[in-house]
Amino acid sequence: MKNKIPLYHKVYDYLLKKIEKEFNPGDLLPTQSEIAKETETSLITVKRAIKELEAMGYVESKAGKGTTVKKPQIVDSHVGVSSWTDSIIGQGKVPSTAWTKIEKRAPSHKVSAALGLKARQKTIYVERLRLIDSRPICLMYNEMPTHLVPGFNKEIKLEESIYTYLEENYGLIGVSADEEVYAREATAYEINILKLKSPIVLVIERTSYLQDDTPYEASCIIAAADSYVYRSRQINKTVDSEILRNLLTE
């Protein structure tokens with residue numbers, strides 16, 4: 001616990017790892033005093049870390065009863081620009097794809113604007129049902145301008161990470177991305193495909209850019225809002241380059 005990040009965040013990360021590996025929903029965390037002793041920090045630091053965990057939906061604290069784990073089913077965690085597949089594998093889970101649909105099409109106005117396309121320019125549209133440990137988790141959509149991915153068609157056997165495929169076959173490497181996360185009511189199609197128990201879905205939209213700021217891919221993930229947590233770490237680009245490299249490789 002010696003990295004140059006806020007002390008409460010070190011305790012947050014420490015507790016989150018224990019929650020993900022050692023606890024089940026309904027379990028009680030150790031007392032704040034015990035956590036402070038384990039982490040060699042103060043009660044004030046522990047209280048702030050637990051408050052952050054509670055805000056993220058991992059735990060619930062009640063006076064006189066302690067802190068109870070509310071472990072979400074899926075945590076999609078990112079540092080910098082990274083793929084869904086890498087995030088899930090990093091948690092020790094097994095991602096897979098139930099089915100894939102690939103077609104050439106005229107994009108929506110929203111996607112066309114995001115990718116900076118001119119009138120009549122088309123995209124390669126990829127829709128997949130993603131699984132974790134053989135369980136349906138999210139619908140995933142990716143669109144790329146056709147002129148950037150010549151030969152990309154429905155005959156292609158797509159690997160789990162589309163970003164890896166684009167890099168290896170077309171030399172397209174994303175260095176930055178804009179994201180928008182929001183919740184909305186699920187459509188009948190989403191309820192049926194994802195077998196949703198709640199009518200609300202979490203939507204994560206991303207536009208990815210190449211080194212020269214050219215937008216090359218627009219994506220969308222749709223998952224159950226009551227069991228999917230999207231988490232990202234924001235990094236100050238003005239910090240020392242060595243510190244920045246350490247943060248990105250944690």
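The values are calculated or read from the model by the stated rules, or taken from the named source; none is laboratory data. Since the model is a prediction, treat every value here as computed from it, not as a measurement. Here the Cβ positions follow ideal geometry from the backbone for every residue, glycine too, while neighbour counts run over all protein chains shown. Areas reflect the complete protein model, heavy atoms only, side chains present, ligands, DNA and RNA absent. Shrake-Rupley method; radii C 1.70, N 1.55, O 1.52, S 1.80 Å.
Per-residue answers, yes or no, for (1) under 30 Å from Asp133 (Cβ atoms); (2) modelled with pLDDT of 90 or more; (3) aliphatic (A, V, I, L, M):
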residue: Ile5; (1), (2), (3): no, no, yes
residue: Glu38; (1), (2), (3): no, yes, no
residue: Lys51; (1), (2), (3): no, yes, no
residue: Lys62; (1), (2), (3): no, no, no
residue: Thr67; (1), (2), (3): yes, yes, no
residue: Gln73; (1), (2), (3): yes, no, no
residue: Ser77; (1), (2), (3): yes, no, no
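Just to be sure I understand, how many residues within the range 128-164 are open to solvent by less than 40 Å² (accessible area, probe 1.4 Å) and among the small types (Gly, Ala, Ser)?
The qualifying residues number 1.
Among the residues of the range 204-250, write down those that are under 21 Å from Gly174 (Cα atoms), modelled with pLDDT of 90 or more and of a type in the set (Val, Ile, Thr). Write out each step before concluding.
Applying the first criterion (under 21 Å from Gly174 (Cα atoms)) to the range 204-250 yields 204-221, 230-238, 241, 244-250.
Narrowing further to those that are modelled with pLDDT of 90 or more: 204-221.
Hits for the range 204-250 are Ile204, Thr207, Thr214, Ile221.
Pick from the range 165-186 the residues that are of a type in the set (Ser, Thr, Tyr) and either under 22 Å from Val201 (Cα atoms) or not in a helix (DSSP H, G or I) (or both): which of them is most open to solvent (accessible area, probe 1.4 Å)?
Of everything passing the filter in the range 165-186, Tyr182 is most open to solvent (accessible area, probe 1.4 Å).
Could you list, in sequence order, the residues of the range 122-149 that are part of a loop (DSSP other than H, G, I, E, B) and under 14 Å from Glu217 (Cα atoms)?
Filtering the range 122-149 for residues part of a loop (DSSP other than H, G, I, E, B) gives 122, 133-134, 149.
Passing the criteria: Lys122, Val149.
Every residue in the range 187-226 that is in a loop (DSSP other than H, G, I, E, B) and closer than 17 Å to Ser108 by Cβ, please.
Result: Thr187, single match.
Which residues, counting only those in the range 80-125, are under 21 Å from the mean Cα position of the chain (by Cα), crowded, with 19+ Cβ neighbours inside 10 Å and small (Gly, Ala, Ser)?
Matches in the range 80-125: Ser87, Ala114.
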